[in-house]
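A quick write-up on the structure given underneath.
We did not get these values from a lab; they are worked out from the coordinates using the rules stated. Here the structure is a predicted model, which means the values were calculated and not measured. FYI the Cβ positions are ideal-geometry reconstructions off the backbone, even for glycines, and counts take in every protein chain you see.
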Amino acid sequence: MAIYQAALQRDGAVRSARQDEASAMARLDAANGSRWPQVNLSGNLNRTAQRLEYDEQALPDRQDVFRSYGYSLQMTQALYRRDDMARREAARLALRQLAWQAGAAEQALWVRVVQPWFEACQFHWQAQAAQSDVARQQARADVLQRRWREGDAALPDVELAAADLALAQARLAEATAELAHRRFVLAELGGEPPALAADACQAQATTPDPGALETWLAWATERSPELLAARQGVEVARAQVSQAEGGRGPALDLVASDSRAKQGPSASIAVGNRAHTQTIGLQLSLPLFSGGTLNAKVREAAAALGKAQADHDTLLARIRQDVANNWHSLRVTRAHALAAQQRERAMGTQQEALARKWRQGQATRAELLVAEQELSAARAESVRLQGLAVLAHARLQAQSGGEAPGALPPPAVQPVQPAQASPD
């Protein structure tokens, strides 16, 4: 739905996850850069002052001053570096891990949107029920007030009716305030208050079928975004162990250089000279001792691997437990929601029949207000149960990497004004 699409662009957790993914892409590009040759250019311009002192006293000391300059162009192509290969693999796995984390953040946002969406529907119908109750209590209080003035009713009955009216008005104010709060929450998620009709909750989403628990557990084990991110974390830690161990191995490079130098004349060299040197060869380096740094890095990476595996196992157990809990909640609330929808339809038919009788003069206004109040209360309860079922289903989808978020009916977000009713 539109508010979810808008929330995807605004939500801090989703944007943070996407930026982490972009950073991982940059790190992967940096790691792949080691495959290419490294080319360096260096230059120098020197003035050298040299004093020569001879051991033989017969030879006089001599001072020599000369100038020189030159440049060197060097290319190094890595042929074999185990730690570089492990670094590239770790960067590739880290990118996949953060991509799954971004998917988990989007699924979690869907759950955060669904809950206030259906709560807004629920409080809309609670406000409608409270509105009908206010009108009924107002009519009852007016009748008792008139009868008390005529001497046909007791003062305690009038005071009790006034107290019931005040309680109904408080319930209406509470439902209206809750509805305004859900409107605020949706506006914070989507960027602006949804401009929706007051009867938008008339349309209701299909109550989802829970399906088989074994299917949800299998999906959660195989494709849960959180779990897949944790698995990639284990693979990243394993690659980092290889990277740390690679620091112990040899490194083989192809090295080529081209350098030119010029030295001016001096007291010892009568004529200046130029030199042009070109070299190419293989360079093999093998670390022999590093003060225990490499061994410490290997132990640290191995400990991180063990922790990543333990975190994965803990997360797997938690997700399977959450899936079972949400599946049970969906199964129970779906049964109650279907029963509540059936009761709502029956009460709607009853209210329409009573409205026809009222227009024909066969029913009182108070009876009609009671029927409207009960119908609104039934709708609120139906929407509440359906919202719980949809929320449980959304959580199942988020935990199991299920289908993409679908469309939901827009909830009512307009404030409900108290109705005015006159007694018969």
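List of remarks:
- Tilt relative to the chain, helix 225-246 - C-alpha long axis, 0 to 90 degrees, to 10: 10
- Sites ARG149 and LYS307, calculated FRET efficiency, Cβ-Cβ separation with R0 60 Å, nearest 0.05: 0.15
- C-alpha long axis of helix 365-400 to longest principal axis of the chain, angle in °: 20
- Spin-label pair ALA218-MET25: with each label point 7 Å from Cα along the Cα-Cβ axis, the two points sit 3.5 nm from one another.
- Relative to the longest principal axis of the Cα atoms of the chain, the long axis of helix 293-359 makes an angle of roughly 20 degrees.
- Order by protection proxy (mean Cβ within 10 Å, highest first), peptides 338-351, 60-73, 117-130: 117-130, 338-351, 60-73
- Estimated FRET transfer efficiency when R0 is 22 angstrom, pair ASN46-SER259 (beta carbons, to 0.05): 0.95
- Whole-angstrom gap from the range 7-73 to the range 231-266, using each part's C-alpha centre: 15
- Charge context of LEU165, other residues only, Cβ under 10 angstrom, K/R +1, D/E -1: -1
- Prolate is the label for the range 126-182. Its Cα gyration tensor axes, ordered a ≥ b ≥ c, give a/c of at least 1.5 and a/b above b/c.
- Placing pseudo-labels 7 Å out from each Cα toward the beta carbon at ARG35 and LEU252 gives an inter-label distance of 1.9 nm.
- Peptide ranges 275-283, 373-381, 392-400 listed from the most packed, as the mean C-beta count within 10 angstrom indicates: 392-400, 373-381, 275-283
- Under 19 Å from LYS307, Cα to Cα: lysines that are on another chain or at least 8 residues apart: LYS297
- Once both labels are positioned 7 Å from their Cα atoms along Cα-to-Cβ, the gap between ASP209 and ARG365 label points is 4.9 nm.
- Extension gain, GLN342-ALA78: 0.36 nm per intervening residue step, less the Cα-Cα distance, totals 87.7 nm.
- Cα-based shape type of the chain, given that a ≥ b ≥ c are square roots of the gyration tensor eigenvalues and the cut on a/c is 1.5: prolate
- Placing R0 at 60 angstrom, the Cβ-Cβ distance between ARG299 and LEU167 gives a FRET efficiency of 0.30 after rounding to 0.05.
- Full-stretch length increase - ASP157, HIS276 - with 0.36 nm per residue and alpha-carbon distance subtracted: 31.3 nm
- Note: relative contact order over the range 23-83, using C-alpha pairs below 8 Å and six or more positions apart, is 40 percent.
- The chain: relative contact order in percent, alpha carbon pairs under 8 Å with at least 6 residues between: 28
- Structural descriptor for the range 237-318: relative contact order 39 percent, calculated from alpha carbon pairs under 8 angstrom and at least 6 residues apart.
- Highest average packing first - 293-300, 87-94, 218-225, Cβ atoms within 10 Å: 87-94, 218-225, 293-300
- Rounded Å value of the spacing that divides the Cα centres of the range 103-119 and the range 358-373: 41
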